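The values are calculated or read from the model by the stated rules, or taken from the named source; none is laboratory data. Model, not experiment: these values are computed from the prediction. So basically every Cβ, Gly included, is an ideal-geometry build from the backbone, and we count neighbours across all protein chains shown.
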């Protein structure tokens, strides 16, 4: 029964809620122009095709998304940080599409008619975004309910502020834009054509087989330390292969952490506090009030079956009498006291059915209760339960099963309903009120009863005192004041035995650093304030104080030679080894692969069923160039020595197995389908690349 399931975890709704957000900000962003009170490069958040876009335009979009998220979640509270980060990315995506994709769509003249929009909102082809908005889902079934959309549209003008209408119109505008994008992508897909010659080549590249025997001498047989490379050689290789060293804008940092942990004195103080509470807990007449007043966590009114608590605590409490207090003990970074309040026999699960009567516009609370009482009287007079379900029940999810909820255990239904089911006798009819309305309940079966406990927990978070926090902060301050540059930073790390941590290749919009909570402030410092080798101020991130140093600034473009020196050494050494091996192979005077293998003391390997599109050789690894040459070489011909990724090769084609297929229609369809799956992503990526986007979000968030 959807109505009575435990309240859903709101995080589970996150994706669908964000997808279904009304985008008021999207429309209003058009009205922010150069006449804004903001202006100039300090407020520039992006550049598209040379056009400057200022932060307030982005902020308007973001604020609209946040407000609509709150509205859909039924909360005025700011979403948690992970949700805010997702919404920030969605706002950016909207801004990018506005200045790239929408411009292209506008050129095509693609439109969406009023009839199409009606069909998307309340017709037979409801848009997926509307389907996933929680306020348009039936409370009992969890399914989309068109009537709720119509009800909203009929009532939105009753909002005197006009916000409901403005929000909806903005959302409709986004629906229209989404449909235009779909049409645009479909237009591209329809324009795709796969020539027969391409389908034939595609088939051959995948299906023509080649068998080879090869000898391979790996580069690893010669130690790198024996290969000398001059700066001139490295520079020559670098100049000839600049394309290999393209990089995005990035930053490298080193940092140290000072964990904000409770001291031994803090632990002693908290333990003493819990021992005093234990004495008071033993004499109180109201365990619930005591917990609610003294615990960090409110009292939870529930029964625990065996093996549902901490194993050690579970065994102790079930073996103890009512009134026994266990603890204080440590669990999940809390000091805990656990008091046995009650011991009762309950089934582990029950099988029940119900009829739900909900108040609505035509039936108030009193009328609903009266109807529920009337149905109860009918049942007591032998009326047919299933017929009454079909006629009266508002829980549409269980109506098809005659109101049958099947078997369920504790914690699966809302509490008033659950308590009634677990205390009622088999076949007894009862009325219970919950937040969903009035339920006429009948328990059909009960599982075997077992002892269950009601337990009162007093919990206190184990955390450092203010004095301890100040001491740790003073230690971090002393370090930061003495580490005036990177050299001093490294010297202090060594002297004090502190672990130095590294975070390399941080992009401007990176939001994570391993081991740090919400490190965005550190990343923004690295981009907006710090010079190379500069040491930061102290950052407080969760339960840590952090001091960082900016060790490298990597600008977008070709990486400077000094930054890729290790890569250059690897590549140049490989080149030199390859030249050495090729000369060795040629001097050996080999006639066959077996002959060469014997002379260089390397095994002869088989590579069966190689195709042009294969990428890996057995016993070797990834070798696309070697494989490509193998697949097009003649049978029986011994190759020249070839430089590969992992070593130098000589091979012989021992067999060619061309495909005998002449009909390539299936390949045409396969290629077309592969292309179509990439249309949306690749076309958008192409537009973004063409737009030459400059992303300056790191200045603001």
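Answer yes or no as to whether residue 629 is in a helix (DSSP H, G or I) and either at pLDDT 95 or above or within 44 Å of the chain's Cα centre (by Cα) (or both). In short, yes. Taking residue 443 as meeting all but one of (1) surrounded by fewer than 17 Cβ atoms within 10 Å (Cβ to Cβ); (2) in contact with a helix residue (DSSP H, G or I) (Cβ under 8 Å, 6 or more places away or on another chain); (3) touching a residue at least 40 places away in the same chain (Cβ under 8 Å), write down the number of the exception. So residue 443 meets the others, but not (1).
Screening residue 394 on (1) outside any strand (DSSP E or B); (2) free of Cβ contacts under 8 Å to residues at least 40 places away in the same chain shows it passes everything except condition (2).
Among the criteria (1) surrounded by 11 or more Cβ atoms within 10 Å (Cβ to Cβ); (2) farther than 19 Å from residue 454 by Cβ, the one residue 332 does not fulfil is (1). Residues that are over 30 Å from residue 419 (Cβ atoms), surrounded by 14 or more Cβ atoms within 10 Å (Cβ to Cβ) and in contact with a helix residue (DSSP H, G or I) (Cβ under 7 Å, 6 or more places away or on another chain) occur at least once in the range 453-463.
When 149, 176 are checked against the criterion of being farther than 30 Å from residue 397 by Cβ and in contact with a helix residue (DSSP H, G or I) (Cβ under 8 Å, 6 or more places away or on another chain), a single residue qualifies: 176.
Does the range 217-239 include one or more residues that are under 38 Å from the mean Cα position of the chain (by Cα), farther than 30 Å from residue 558 by Cα, modelled with pLDDT of 95 or more and not assigned by TED's automatic domain parsing to the domain that holds residue 125? Steps first, answer last, please.
Just the residues of the range 217-239 that are under 38 Å from the mean Cα position of the chain (by Cα), to begin with: none.
The answer is no; no qualifying residue exists.
Filtering the range 326-337 to residues that are out of contact with any helix residue (DSSP H, G or I) (no Cβ under 6 Å at 6 or more places or on another chain) and at negative phi leaves 329, 330, 331, 334, 336.
Of all residues in the range 273-295, those satisfying the criterion of being in contact with a strand residue (DSSP E or B) (Cβ under 8 Å, 6 or more places away or on another chain) and surrounded by 13 or more Cβ atoms within 10 Å (Cβ to Cβ) are 273, 274, 275, 277, 278, 281, 287, 288, 290, 291, 294, 295. In the set (1) modelled with pLDDT of 90 or more; (2) part of a helix (DSSP H, G or I); (3) out of contact with any helix residue (DSSP H, G or I) (no Cβ under 8 Å at 6 or more places or on another chain), residue 419 fails one condition alone, (1).
Listed by first and then second residue, the pairs with beta-carbon distance under 8 Å, at least 6 apart or on different chains, first residue in the range 486-499 and assigned by TED's automatic domain parsing to the domain that holds residue 551 and surrounded by 10 or more Cβ atoms within 10 Å (Cβ to Cβ), second part of a helix (DSSP H, G or I) and modelled with pLDDT of 95 or more, are 488/482; 492/479; 492/482; 496/479; 498/479; 498/492.
Looking only at the range 75-105, filter to residues that are more than 18 Å from residue 509 (Cβ to Cβ) and either surrounded by 14 or more Cβ atoms within 10 Å (Cβ to Cβ) or touching a residue at least 60 places away in the same chain (Cβ under 8 Å) (or both); which one of those is nearest to the chain's Cα centre (by Cα)?
Step one: filter the range 75-105 for residues more than 18 Å from residue 509 (Cβ to Cβ), giving 75-80, 98, 101-105.
Checking the rest, the ones that are also either surrounded by 14 or more Cβ atoms within 10 Å (Cβ to Cβ) or touching a residue at least 60 places away in the same chain (Cβ under 8 Å) (or both) come to 79, 98, 101-105.
Working: 79: 16, 98: 25, 101: 25, 102: 27, 103: 30, 104: 30, 105: 30 Å.
Checking each candidate, the answer is 79.
Scanning the range 494-509 for residues that are out of contact with any helix residue (DSSP H, G or I) (no Cβ under 9 Å at 6 or more places or on another chain) and more than 29 Å from residue 697 (Cα to Cα) gives 494, 495, 497. Take residue 455 and decide whether it is within 30 Å of residue 262 (Cβ to Cβ), part of a strand (DSSP E or B) and in contact (Cβ under 8 Å) with a residue 24 or more places away in the chain. When the stated conditions are applied, residue 455 passes them.
Quick check on my filter: what residues within the range 399-416 are outside any strand (DSSP E or B), without any contact (Cβ under 8 Å) to a residue 60 or more places away in the chain and either touching a strand residue (DSSP E or B) at 6+ places or on another chain (Cβ under 7 Å) or within 27 Å of residue 300 (Cβ to Cβ) (or both)?
Here is the first cut: in the range 399-416, the ones outside any strand (DSSP E or B) are 399-403, 410-412, 414-416.
If we keep only those that are without any contact (Cβ under 8 Å) to a residue 60 or more places away in the chain as well, we get 399-403, 416.
The answer is 402, 403, 416.
The residues of the range 57-73 that are within 16 Å of residue 130 (Cα to Cα) and crowded, with 21+ Cβ neighbours inside 10 Å, listed by number, are 65, 68, 69.
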